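What follows is a single structure, written as structure tokens, with notes after it.
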Amino acid sequence: MTTIASTQLKIGMEIHVELATRSKMFSRSANIAHPDNYDAPPNSLCDPVVLGLPGALPVMNREAVEMSMMVGMALGCTIPDFSKWDRKNYFYPDLPKGYQISQYDLPLCEGGSLEIPVPDGGTRNIGITRAHLEEDTGKTGHELPGGLSYEGSLIDYNRAGVPLLEIVSEPDLRCAEEAVAFGKELRNLCRFLGVTEGVMQRGHMRFEPNINMIITLEDGTTVATPIAEIKNLNSFRAVQGAIEHEAKRQVEAWKSDGLVMGAGAKSTRGWDDQRQVTFLQRAKEDAHDYRYFPEPDLIPVVVDDRWRSEIETKIPELPNRRRVRYASDYGLSGKDAMALTSDRDPCYFYEACIESTGALVGDGMKPSEIGTAAAKFLLNVGARLANERGRELQELGIDPQQVAGVIELRHANDIGSNAAEQLFEMLCDSDAEARDAAEEAGLLQVTDTGQLDAWVDEAIAAQPQAAEDFASGKDAAVGRLVGHVMKASGGQADAAAVRNCLVEKLRS
């Protein structure tokens, strides 16, 4: 067999987003993807429409359509004037009607792109083929509550009928890291739009990478392996692992059987998270296998310019635009701006801290100084505490007004940098105002010249060699003198003022 010269992954993503409407896609039954219904008992969120009972007719959920339009607009998609519903026919126990209401040839959103960060540090646009709206299926389980084994299958129809937006990318992704970045960026965008909570463990977002390998042989010819679709991945770790495994498996399979991409060659595979391998589920169906036909019980979706304009006004500032603003207005690095916009709630907390600080200090600080200071505290002290305590940044206990108080004290040089970090941590467990807490803990710096003179004189007397070295021009010696003062003052002395005093006394 001809030797392989190189290989290249080719990945397209299908991402299913459960929309957090109050009711389901085509019925008034409550939606399990809405926070109010997370803990609903199995099969308690059902009605005749969800269960597909005779005579039950679907009614379109307008909010789900508008949420989907928001996502499409945020991705730069075209929202056609006309889209329609179709029946996708297949049998499975968790599909009570025996068909799924979906969209086939005329989807709600077409085209678009999403900019993602790539491993080399830049960004790249990934094309969006389409985004169509449909209803979710039920959930099949194979164990009893508590993890006890069960020989049969258990069906929970709470998820059946949940509004599901399926976003399909172009096969533009070239490695597992890019696929993960795409998934994270899309999850973040959807959370900023408020269309889903995006809780991966609850199945609010499920990822299905379509993967094949482009193999270049030594003689310059190329072959493409059959596409494998990996179903229902609900973690970024699983996306990464499945793609990396599949890249190796497909090359080895081609070496063994020589099969290449062609009609009927697609397959659907599952992911074994324990063994970190994919496994064959079935040959992939083509569109004709589902016997699509227009849904007779629903009217088409007709969108005019007025409706589009109404939806556009609901779209908030999105993460990529915030990054640009954070860099221009606050001077943040690309890395810091990315960290602050990587999730909705910490980002909103950061902006609340900026707003509270501006209200507290007035014209005493420039907006760039406020933005930089808030980012420094949240990304350094806040991120460390969140990691140690196993919480999200906004859940640490400190509120934006308290963060603003810490920033004001530090800017006024009323507390040192170490004391500011200590105060931030204290306020995570206290409702006190920042200045009151700092005063009670003895963190406020002493700037009284008489007291500083006394501490400096004491340091010079206790460290005569260091004093002599510093006087003769050896700057490194000042550390021992300042350290002595800080210890004597219990950390309340202003280190910069102490150094100035030492210069005046020893180098005048």
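Annotation: of all residues in the stretch 116-136 being at pLDDT 95 or above and of a type in the set (S, T, N, Q), the one that is surrounded by the most Cβ atoms within 10 Å (Cβ to Cβ) is Thr129. Set side by side, the residues Gln274, Gln281, Gln201 differ, and just one is in a strand (DSSP E or B), under 35 Å from the mean Cα position of the chain (by Cα), at negative phi and loosely packed, with under 15 Cβ neighbours inside 10 Å, which is Gln281.
Does the stretch 402-409 contain at least one residue that is part of a helix (DSSP H, G or I) and surrounded by fewer than 18 Cβ atoms within 10 Å (Cβ to Cβ)? Looking for residues that are part of a helix (DSSP H, G or I) and surrounded by fewer than 18 Cβ atoms within 10 Å (Cβ to Cβ), one finds none in the stretch 402-409, hence no. Within the stretch 128-160, the set of residues being closer than 30 Å to Glu170 by Cα and in a loop (DSSP other than H, G, I, E, B) comprises Asp136, Thr137, Gly138, Arg159, Ala160.
Take Val180 and tell me if it is in a strand (DSSP E or B) and closer than 18 Å to Ile211 by Cα. Against the criterion (in a strand (DSSP E or B) and closer than 18 Å to Ile211 by Cα), Val180 does not qualify.
Taking the criterion of being touching a Ser or Thr at 6+ places or on another chain (Cβ under 6 Å) and β-branched (Val, Ile, Thr), would at least one residue in the stretch 199-207 satisfy it?
No, the conditions are met nowhere in the stretch 199-207.
If I go through the stretch 98-115 residue by residue, how many of them are on the phi < 0 side of the Ramachandran plot, surrounded by 18 or more Cβ atoms within 10 Å (Cβ to Cβ) and not aromatic (Phe, Trp, Tyr)?
Looking only at that region, the number is 8.
Taking the stretch 401-434 as the region of interest, how many residues are without any contact (Cβ under 8 Å) to a residue 60 or more places away in the chain and either of a type in the set (Gly, Ala, Ser) or closer than 18 Å to Gly364 by Cα (or both)? Spell out how you get there, then give the answer.
From the stretch 401-434, those without any contact (Cβ under 8 Å) to a residue 60 or more places away in the chain are 401-412, 414-415, 417, 420-434; that's our starting set.
Subsequent filtering for residues that are either of a type in the set (Gly, Ala, Ser) or closer than 18 Å to Gly364 by Cα (or both) retains 401-412, 414-415, 417, 420, 430, 432, 434.
Residues that pass the stated criteria total 19.
Among residues of the stretch 154-174 that are not assigned by TED's automatic domain parsing to the domain that holds Ser29 and β-branched (Val, Ile, Thr), none has a beta-carbon under 8 Å from a residue that is assigned to a strand (DSSP E or B) and buried (at least 24 other Cβ atoms within 10 Å of the Cβ) at least six positions away or on a different chain. Of the candidates Tyr326, Tyr348, the single residue that is surrounded by fewer than 18 Cβ atoms within 10 Å (Cβ to Cβ) and of a type in the set (Phe, Trp, Tyr) is Tyr348. Picking from Ala263, Ala253, Ala247, which residue would you name as being in contact with a strand residue (DSSP E or B) (Cβ under 8 Å, 6 or more places away or on another chain) and of a type outside the set (S, T, N, Q)? After applying the criteria, what remains is Ala247.
Among the residues of the stretch 318-332, those identified as more than 17 Å from Ile116 (Cα to Cα) and either outside any helix (DSSP H, G or I) or aromatic (Phe, Trp, Tyr) (or both) are Tyr326, Tyr330, Gly331, Leu332.
The values are calculated or read from the model by the stated rules, or taken from the named source; none is laboratory data. Keep in mind that this is a model prediction, so the values were computed, not measured. Methodologically, a virtual Cβ is constructed for each residue, glycine included, from the backbone with ideal geometry; neighbour enumeration extends over all protein chains shown.
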